[in-house]
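A short worksheet on the structure shown next.
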Amino acid sequence: MTLLSRATIILTATIFGIARAQTCPSNDNGQCDFEPTNPYSCGTDYNCAYKNRCLAEAAGFDVEADCCQAPMPSSCGMISSPLLCGSKQCPYANECIASLAGYDSSQCTAPPPTCAVGDKDCEGEPANPYTCGPNKCAYKTVCDAQSAGFDLGADCCQDTRSNTACTADIASVSCGPPGGKQCSYSNQCLADSAGYNSNQCCNAVPDGIFCTADFKPVECGSIPCVYSNQCQADAAGATDCCAQVPEGVACTADSTPAVTCGSEQCGYSNQCLADAAGYSSDQCCNAVPNDVACAAIYEPVTCGPSSCVYSSQCEADAAGAT
């Protein structure tokens with residue numbers, strides 16, 4: 001897995017609540033590609049989701065005034081106990097997620113326990129159940145949910161179809177894009193039935209798992225799934241994990257040479273960032289630049305004190321290895 005080539009996901013979404021139509025600005029020209037995944041929801045009703053702070057600021061938002069930090073729910077258990085936190089009334093699915101965003105229980109309150117009911121006559125509409133909003137409001141049809149003021153794409157989770165043949169096994173998953181709406185299901189079969197696939201879901205940390213409160217986030221797998229530390233990633237059964245670069249690290253934007261580090265071949269744009277993520281230079285190898293054209297031959301060479309292996313001398317030379 002590498003952190004070097006992940007596409008930035010920007011979409012209109014909300015953690016929960018009623019969304020209103022909104023065009024989300026974007027000014028992504030690649031300058032944020034190597035920023036750590038640290039999702040924010042910004043704008044009206046916090047409907048605009050950005051994968052990291054850099055993207056939110058590039059889109060023109062004042063992060064402190066206009067945005068809520070949106071930690072990945074996959075790093076917490078599946079308990080649904082919605083909260084609104086801080087002076088901005090940032091919405092979170094439970095206290096664990098709120099704490100990852102920096103709030104304590106004294107700064108959060110439960111939202112009003114009500115479910116909106118629309119005035120449109122939806123009698124005769126085909127059954128297609130959805131669960132919407134912070135109070136997990138159940139609606140039998142798309143018409144009912146939309147009439148109640150919900151945006152299906154931003155606020156609602158498709159319920160598992162009633163004729164689905166899935167086991168009762170509990171292996172909870174949280175599905176959806178980083179920083180966007182997350183839908184929870186008891187197992188992947190139920191998530192598949194609701195329209196997701198395994199590439200859109202992260203294993204959830206089982207309830208009752210004890211890990212320290214250290215916030216040393218890691219990105220795992222190809223989605224990527226974000227967990228607050230390696231202990232939680234291990235508890236969720238996540239693999240191919242790379243340490244994130246902490247925010248505020250004083251490294252230059254220089255990407256020469258990029259490096260890959262550790263047994264998982266985690267990619268960072270320079271050694272300074274790799275150091276900040278916890279890798280020393282003897283754990284890293286210079287990466288072969290993407291624009292290098294070497295013959296497709298396999299004549300491996302081993303270079304340097306880190307015993308870096310390259311497919312050919314041409315690739316080793318391109319990486320600056322000695």
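Of note:
- Cβ pairs under 7 Å, 6+ apart, first in the range 70-83 and at pLDDT 70 or above, second surrounded by fewer than 24 Cβ atoms within 10 Å (Cβ to Cβ) and of a type in the set (V, I, T): L83/T109
- Residues within the range 138-161 that are in contact with a Gly (Cβ under 6 Å, 6 or more places away or on another chain) and either open to solvent by less than 20 Å² (accessible area, probe 1.4 Å) or closer than 19 Å to N197 by Cα (or both), tallied: 3
- Considering the range 88-117, the residues that are more than 30 Å from S228 (Cα to Cα) and either modelled with pLDDT of 90 or more or among the aliphatic types (A, V, I, L, M) (or both) include one that is nearest to the chain's Cα centre (by Cα), namely A116.
- Unmet requirement for T164, which otherwise passes all of (1) touching a Cys at 6+ places or on another chain (Cβ under 8 Å); (2) of a type outside the set (K, R); (3) open to solvent by 40 Å² or more (accessible area, probe 1.4 Å); (4) modelled with pLDDT of 85 or more: (4)
- Condition check for C85: open to solvent by less than 20 Å² (accessible area, probe 1.4 Å), of a type outside the set (F, W, Y) and either on the phi > 0 side of the Ramachandran plot or more than 19 Å from the chain's Cα centre (by Cα) (or both): yes
- Residue list for the range 30-42, restricted to those being touching a residue at least 24 places away in the same chain (Cβ under 8 Å) and either more than 25 Å from C220 (Cα to Cα) or not acidic (D, E) (or both): Q31, C32, F34, P36, T37, N38, P39, Y40, S41, C42
- Screening the range 126-137 for residues that are in contact with a Cys (Cβ under 8 Å, 6 or more places away or on another chain) and either in a strand (DSSP E or B) or open to solvent by 90 Å² or more (accessible area, probe 1.4 Å) (or both) and picking the one that is farthest from Y46 (Cα to Cα) gives Y130.
- Single unsatisfied condition, F215 versus (1) modelled with pLDDT of 90 or more; (2) in a loop (DSSP other than H, G, I, E, B); (3) farther than 28 Å from A316 by Cα: (1)
- Condition met for C122 (open to solvent by less than 20 Å² (accessible area, probe 1.4 Å), over 22 Å from T37 (Cα atoms), modelled with pLDDT of 90 or more and assigned to a helix (DSSP H, G or I)): no
The values are calculated or read from the model by the stated rules, or taken from the named source; none is laboratory data. Computed from a prediction, not measured in an experiment: that's the story for all the values here. Cβ: placed from backbone, ideal geometry, glycine included. Neighbour counts: every protein chain shown. Side chains are part of the model used for accessible areas, which takes the heavy atoms of the whole protein and leaves out ligands, DNA and RNA. Shrake-Rupley method; radii C 1.70, N 1.55, O 1.52, S 1.80 Å.
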